[in-house]
Each structure stands twice: as C-alpha cells, then as structure tokens.
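What follows is a single structure, written as structure tokens, with notes after it.
The values are calculated or read from the model by the stated rules, or taken from the named source; none is laboratory data. None of the values given here were measured: they were computed from a predicted structure. To get the accessible areas, we keep the full protein, side chains included, count just its heavy atoms, and leave off ligands, DNA and RNA. Shrake-Rupley method; radii C 1.70, N 1.55, O 1.52, S 1.80 Å.
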Amino acid sequence: IFLSLQLFGTIVWILVASTRVPLPLLQGWVMFVAVTAWFLSIVFLSVFLFGYANRIAVNWNQADFIFHGATFVFYFGAFLLQAATTSLHHLPRKFNSTTQERILSGREYNISIAASV
C-alpha cells in the first residue's frame, strides 16, 4: 500500500507541477497534500523496513488506519480542489482583456484531468 501511495503521489506531484498554475491557492494545497503524503509514507515505510516498528511500543494497526484515513481525507479534498480548478478551464485568463486566452490550454486541461483522477 505504501509503494502505491508513493507512486500515485509522485504522479500527482509531477502532473500538477507540469501545468501553469492559474489558481495558486487551490493547486498549492494539492501540491502540499501530495508532497506531504509522499514524504510521510516514506517515513512510515522506513520505520518498517529498518525494524524500528519492533522497538517502538505503538499499536501499528491503529497507526496505519489513522494514517491512511487522514491521507484519504486530505487527498479527497485535494481532488475536489483540483477538479474545481479543471472545471474553470473555459474562463478567460484576463477578464478585462480582449484576447480569449483560456485559464488552461488544451494540453494543461488534459494534464489537470489526469491529476484530478
């Protein structure tokens, strides 16, 4: 489970970072969640790989449940924000401009959809 969390967290991190950021507050939270969950999953995996789990008196089943539950809640919130950013792709970038430049280009829109999924 930890390896899949790291893999998909890295993919989200790369996809969000590869787009132009039209709404920094929303996509900043998505990046924060992806990077934090990725880093904490590496820490959690290292605890088990290096045998510290046997030395630390913690209920690891409960810690695992809490970690993955919190990660689910934060990733779900990040999904909603990324999907909201993606849904605004048809709006113009500058409201007072006569050009019709979109918030997200076609390529960035596709990348944003992939990051949402």
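Summed over the residues of region 1-91 and divided among them, the accessible surface reaches 63 Å² per residue at a probe radius of 1.4 Å. I want to verify the translational diffusion coefficient of region 1-91 in µm²/s; compute it with Stokes-Einstein, Rh as the Kirkwood radius over Cα pairs, at 4 °C and 1.567 mPa s. The Stokes-Einstein estimate is 90 µm²/s.
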